[in-house]
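Remarks on the structure that follows.
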Amino acid sequence: MSLQRPDWPRGDLNIACLELLVGLVFMADPPASRDDWVARVQPDPERLKGKLAPYAPAFNLTGEGPLFLQDLEPLDGSPNPVDMLFIDSAGANTAKKNADLMVHRDRYRGLDLPLAAMALHTFQAHAPSGGAGNRTSMRGGGPMVTLVDPGQGLWSIIWANVPNGMPAALSELPWMNPTRVSDNNQVVLPPQGQRFSVEAFFGVPRRLHLVVEGDVITGVVQKPYGTNYGIWMHPLSPYYRIKAGEEPLPVHPKAGSFGYRNWLGILAQSRDAELAERAHCVNLWEQRSRKEASVILAGWSMDNMKPRDFVHSVQPLIDLPEDETICLIGLVTAADNAAIALRGSLVPVLAKGEGLEAEREAFYAATEPAFVGCLAALKMGESIEEVYACWLKVLRSEVLSRFDALSLSAIDQRDTSDIEKIVNARRALTGTFAGYGKFGRLLFEALEKEPPKAKGKAA
């Protein structure tokens with residue numbers, strides 16, 4: 001069985017390449033319905049080749065326009081280095097200040113045409129904020145990408161993630177038309193009546209034109225005020241709402257490893273589907289097939305314009321019956337409250353700062369094997385009540401052991417006032433796992449356990 005994957009020299013290009021391939025099939029030959037999708041699960045290269053052929057004029061990278069993902073008309077101005085097509089490259093201001101210590105300028109003197117095309121697509125699809133008038137992608141800078149992977153090769157990944165629809169007209173590709181500039185903050189909305197437009201896969205937030213010398217791209221001319229996208233939904237990304245009824249916002253990866261605490265609303269249904277909505281492709285897979293699959297999750301963790309970390313993870317697709325899904329939500333919610341309680345209790349020991357966040361991350365990592373064990377027990381028929389009871393013991397043990405390891409070390413050398421704070425913090429932490437206090441009540445509610453009715457402090 002063929003298990004090919006994109007093999008570009010960078011992880012972000014590989015993910016964007018998969019998005020591009022899904023977008024091409026959605027553009028030229030999407031399934032019309034679930035039955036059509038099932039009927040065409042096996043690859044048909046000759047059919048796809050024929051369906052893609054009419055779109056060839058839109059995918060020239062150099063030469064006379066229109067040019068792939070570039071302005072319809074050539075842009076005047078001094079070219080930037082081709083580095084600008086990579087999110088983690090040093091910006092002009094950083095280079096000017098000689099602050100490009102960790103990521104040096106001019107890493108890429110020139111790009112061959114295939115690499116330049118993929119870098120251009122990746123940049124337009126994931127563009128971060130880049131100064132006045134330089135627009136972000138329709139999902140913002142560094143969106144989270146989720147792709148269902150049935151584990152049967154490249155075609156299975158592509159076909160699993162293609163939404164239902166109708167073939168697009170050539171004119172629907174934005175670079176086939178004059179640029180919709182946004183110098184007066186004009187906002188472009190998605191076409192009415194279409195949940196997903198082909199432009200979701202081929203947005204052009206940046207006004208760009210590649211400079212070519214022979215068969216090498218040596219620079220990029222950029223002008224500000226490209227297309228300013230408003231409220232476009234992308235089928236390969238999860239979304240969330242701060243409040244019910246508000247516009248959906250794309251999820252962005254957090255720095256660090258992707259673990260079970262991130263599952264709700266991304267891999268598994270959240271408690272409130274209106275506030276956290278899985279990517280359309282994930283929901284669609286469950287409607288099309290009941291087979292097991294994995295989910296590829298990737299994206300740049302950004303701090304405004306600054307990339308912090310490229311996150312890449314492969315996780316199981318969580319497909320559980322409704323009652324077991326509610327149990328999973330309870331397990332994650334209980335862990336979240338336990339982690340917050342731990343973080344708060346450690347303030348007298350570590351003070352506020354990155355140390356507290358590091359301990360919370362370590363807590364999640366340490367409890368991940370037990371969490372996976374709880375899910376396995378649930379699938380093997382263990383009752384939800386037993387799973388909840390086991391999880392409560394795991395959380396209590398891990399939180400108290402982490403607190404003790406950090407707070408009791410050399411406690412006899414601390415000031416009396418600090419010792420008192422530590423003793424009080426541990427007492428409160430113990431009370432949390434008996435159902436007392438705000439986080440104790442929330443933890444018990446998550447595990448469907450009746451909190452104590454008696455008032456007063458726990459012993």
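The values are calculated or read from the model by the stated rules, or taken from the named source; none is laboratory data. In this text, all values refer to a predicted model and were calculated from it rather than measured experimentally. Backbone-built Cβ (ideal geometry, glycine too); neighbour counts: all protein chains shown.
Residue by residue, here is whether (1) assigned by TED's automatic domain parsing to the domain that holds Pro163; (2) over 15 Å from Leu173 (Cβ atoms); (3) not in a helix (DSSP H, G or I) holds:
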position: Gln4; (1), (2), (3): no, yes, yes
position: Cys17; (1), (2), (3): yes, yes, no
position: Leu21; (1), (2), (3): yes, yes, no
position: Val25; (1), (2), (3): yes, no, no
position: Trp37; (1), (2), (3): yes, yes, no
position: Pro43; (1), (2), (3): yes, yes, yes
position: Arg47; (1), (2), (3): yes, yes, no
position: Ala58; (1), (2), (3): yes, no, no
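Is it true that some residue in segment 238-259 is in contact with a helix residue (DSSP H, G or I) (Cβ under 6 Å, 6 or more places away or on another chain) and surrounded by fewer than 21 Cβ atoms within 10 Å (Cβ to Cβ)?
Yes, segment 238-259 contains a residue that is in contact with a helix residue (DSSP H, G or I) (Cβ under 6 Å, 6 or more places away or on another chain) and surrounded by fewer than 21 Cβ atoms within 10 Å (Cβ to Cβ).
I'd like to check which helices (runs of 4 or more DSSP H) are fully inside segment 296-410 and have at least 1 residues that are among the hydroxyl-bearing types (Ser, Thr, Tyr).
Qualifying helices (runs of 4 or more DSSP H): 322-345, 354-379, 384-407.
Every residue in segment 278-287 that is out of contact with any Ser or Thr (no Cβ under 8 Å at 6 or more places or on another chain) and buried (at least 19 other Cβ atoms within 10 Å of the Cβ), please. Steps first, please.
Going through segment 278-287, the residues out of contact with any Ser or Thr (no Cβ under 8 Å at 6 or more places or on another chain) turn out to be 280, 283-287.
Scanning segment 278-287 gives His280, Leu284, Trp285.
Of all residues in segment 413-422 being over 40 Å from the mean Cα position of the chain (by Cα) and β-branched (Val, Ile, Thr), which is modelled with the highest pLDDT? First the steps, then the outcome.
Taking segment 413-422 as the starting set, the residues that turn out to be over 40 Å from the mean Cα position of the chain (by Cα) are 413-420.
Subset that is β-branched (Val, Ile, Thr): 416, 419.
Details: Thr416: 82, Ile419: 85.
Once the filter is applied, the top-ranked residue is Ile419.
Among the listed residues Pro190, Pro178, Pro163, identify the single one that is over 25 Å from the mean Cα position of the chain (by Cα) and on the phi < 0 side of the Ramachandran plot.
Pro178
Only one of these is over 20 Å from Ile296 (Cβ atoms) and outside any loop (DSSP other than H, G, I, E, B): Ala116, Ala132. Name it.
Step by step, each of Ala116, Ala132 is checked, and only Ala116 is over 20 Å from Ile296 (Cβ atoms) and outside any loop (DSSP other than H, G, I, E, B).
With respect to the numbered conditions (1) at pLDDT 95 or above; (2) under 12 Å from the mean Cα position of the chain (by Cα); (3) farther than 21 Å from Gly141 by Cβ; (4) not charged (D, E, K, R), which one is the sole condition not fulfilled by Pro238?
Only one criterion in (1) at pLDDT 95 or above; (2) under 12 Å from the mean Cα position of the chain (by Cα); (3) farther than 21 Å from Gly141 by Cβ; (4) not charged (D, E, K, R) is unmet by Pro238, namely (3).
Applying the selection to segment 234-277, what residues are touching a residue at least 40 places away in the same chain (Cβ under 8 Å), assigned to a loop (DSSP other than H, G, I, E, B) and either touching a Pro at 6+ places or on another chain (Cβ under 8 Å) or of a type in the set (Lys, Arg) (or both)?
His234, Pro235, Ser237, Pro238, Val251, His252, Lys254, Ile266, Leu267, Arg271
Residues Leu395, Leu429: which one is closer than 20 Å to Leu356 by Cβ and under 32 Å from the mean Cα position of the chain (by Cα)?
From the options Leu395, Leu429, the qualifying one is Leu395.
What's the number of the condition Pro191 fails, among (1) touching a residue at least 24 places away in the same chain (Cβ under 8 Å); (2) of a type outside the set (A, V, I, L, M); (3) touching a Ser or Thr at 6+ places or on another chain (Cβ under 7 Å)?
(1)
Please state which of the following conditions Glu445 fails to meet, knowing it meets all the rest: (1) more than 22 Å from Ala365 (Cα to Cα); (2) among the acidic types (Asp, Glu); (3) in contact with a helix residue (DSSP H, G or I) (Cβ under 7 Å, 6 or more places away or on another chain).
So the condition that Glu445 fails would be (3).
Residues that are assigned by TED's automatic domain parsing to the domain that holds Asn80, in contact with a strand residue (DSSP E or B) (Cβ under 8 Å, 6 or more places away or on another chain) and of a type in the set (Gly, Ala, Ser): does segment 239-250 have at least one?
no
Regarding segment 248-269, can at least one residue be identified that is in contact with a Leu (Cβ under 8 Å, 6 or more places away or on another chain) and of a type in the set (Lys, Arg)?
no
Pick from Val181, Val188, Val198: which is touching a strand residue (DSSP E or B) at 6+ places or on another chain (Cβ under 7 Å) and either hydrophobic (A, V, I, L, M, F, W, C) or closer than 25 Å to Val22 by Cα (or both)?
Val188
Going through segment 334-358 one residue at a time, which ones are crowded, with 16+ Cβ neighbours inside 10 Å, small (Gly, Ala, Ser) and under 24 Å from the mean Cα position of the chain (by Cα)?
Within segment 334-358, Ala334, Ala335, Ala339 meet the criteria.
Considering only residues that are over 30 Å from Arg290 (Cβ atoms), free of Cβ contacts under 8 Å to residues at least 60 places away in the same chain and surrounded by 15 or more Cβ atoms within 10 Å (Cβ to Cβ), which ones fall in segment 25-58?
Hit for segment 25-58 is Leu52, nothing else.
For segment 148-163, enumerate the residues that are closer than 18 Å to Gln287 by Cβ and either modelled with pLDDT under 95 or not aliphatic (A, V, I, L, M) (or both).
Of everything in segment 148-163, those that are closer than 18 Å to Gln287 by Cβ and either modelled with pLDDT under 95 or not aliphatic (A, V, I, L, M) (or both) turn out to be Asp149, Pro150, Ser156, Trp159, Asn161, Pro163.
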